[in-house]
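Shown next, in structure tokens, is the structure this report addresses.
Derivation of every value follows stated rules applied to the coordinates shown; laboratory data play no part. Given the structure is predicted, the values throughout are model-derived calculations rather than measurements. Neighbour counts run over all protein chains shown; Cβ positions are idealised from the backbone, glycine included.
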Amino acid sequence: MYPHRRKYRCAGPSRHCTGNGACVVSSFTAAITQMPLIAILRGVRPDEAVGVADALVAAGFTLVEVPLNSPEPLKSIEILAKHLADDCIVGAGTVLTVEDVNSVTSAGGQFIVAPNLNRKVGDAAKENGLTWCPGVLTPSEAFEAVDQGADLLKIFPAELVSPAGVAALRAVLPPRVLIAVVGGITPQGMEDYVAAGSNGFGLGSSLYKAGMSPSEVKERATRFTREFNKLTTPS
């Protein structure tokens with residue numbers, strides 16, 4: 001249907017593997033190359049963060065986001081950044097201010113995601129060495145974010161942007177620009193967006209809801225990674 005369908009590898013040279021077969025995800029680029037699905041753990045508590053994150057890693061996830069409107073989010077980020085040091089890149093979502101960026105940096109987060117485009121937040125992210133993923137909805141916002149140095153564009157909310165809309169945006173954006181569709185994405189809903197040129201997805205309540213057990217998370221996460229691999233692995 002769309003001319004921009006892309007293929008992905010489940011692993012690549014950006015993932016460092018040692019002689020004994022152990023692999024280390026060392027950067028946001030490495031993580032999104034391996035599995036470009038961002039787990040959004042809105043509502044997760046520090047005492048349950050490790051169990052949930054381990055379930056995600058077991059299913060193949062390499063990117064974990066803790067929104068700052070979760071209970072004690074900085075504590076969860078600090079715990080996960082240490083616990084998942086070799087397996088995942090941990091960051092924060094709903095990052096709205098420069099102060100938020102500084103707090104996430106101190107907690108050990110490596111990327112920030114925002115629902116909006118804020119130059120001050122982006123500048124602070126760059127100054128702190130963090131990957132910046134602002135939210136955009138229109139072509140004007142998308143190109144402004146690119147001009148400001150965004151590392152990945154969060155197309156949000158997806159409920160307002162059809163796959164055809166993503167394809168139109170992808171057609172005019174520079175090929176190097178990464179985009180991830182976020183909002184209401186289900187395993188079955190990824191196909192048309194992948195065909196339209198989305199590089200990845202941010203997954204919220206369809207993957208994790210507050211209080212969900214690790215076994216439930218692993219089951220949902222596995223459905224997502226299995227479906228994404230089916231869509232993006234050359235036949």
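When the listed pairs Lys126/Lys230; Lys154/Lys209; Lys75/Lys230; Lys82/Lys154; Lys75/Lys126 are checked against a 29 Å cut-off, the alpha-carbon distance exceeds it for Lys126/Lys230; Lys75/Lys230. Based on the Cβ-Cβ distance of Val50 and Thr233, what FRET efficiency does E = 1/(1 + (r/R0)^6) give at R0 = 25 Å, to the nearest 0.05? So, using R0 = 25 Å, E works out to roughly 0.25. Ranking of Lys154, Lys82, Lys218 by neighbouring Cβ atoms within 10 Å, starting from the fewest: Lys82, Lys218, Lys154.
Given the options Arg45, Arg220, Arg176, state which has the largest fluctuation in a GNM of the chain using a 10 Å cut-off (strictly under) for Cα springs. Ranking Arg45, Arg220, Arg176 by mean-square fluctuation puts Arg176 first.
Here's how it looks for Leu178: its modeled amide H is under 5 Å from those of Leu153, which are all 5 or more places away or on a different chain. Remark: the chain carries a charge dipole of roughly 680 debye about the Cα centre, counting +1 on each Lys and Arg Cβ and -1 on each Asp and Glu Cβ. Global size of region 69-174: 14.5, 40 Å for Rg and Dmax (C-alpha atoms, Rg to one decimal, Dmax whole).
For the chain, modelled as a GNM whose springs connect Cα atoms under 10 angstrom apart, the maximal fluctuation among Gly91, Gly189, Gly60 occurs at Gly189.
At full extension, Asn116 and Arg226 could sit 36.6 nm farther apart than now, given 0.36 nm per residue minus the alpha carbon distance. Cα-based values for the chain, radius of gyration first and Dmax second, are 16.4, 48 Å. Other residues within the sphere of radius under 11 Å centred on the Cβ of Trp132, judged by their own Cβ, net out at 0 (K and R +1, D and E -1). In plain terms, the chain from Glu127 to Glu72 could stretch by 17.3 nm, reckoned as 0.36 nm per residue minus the Cα-Cα distance.
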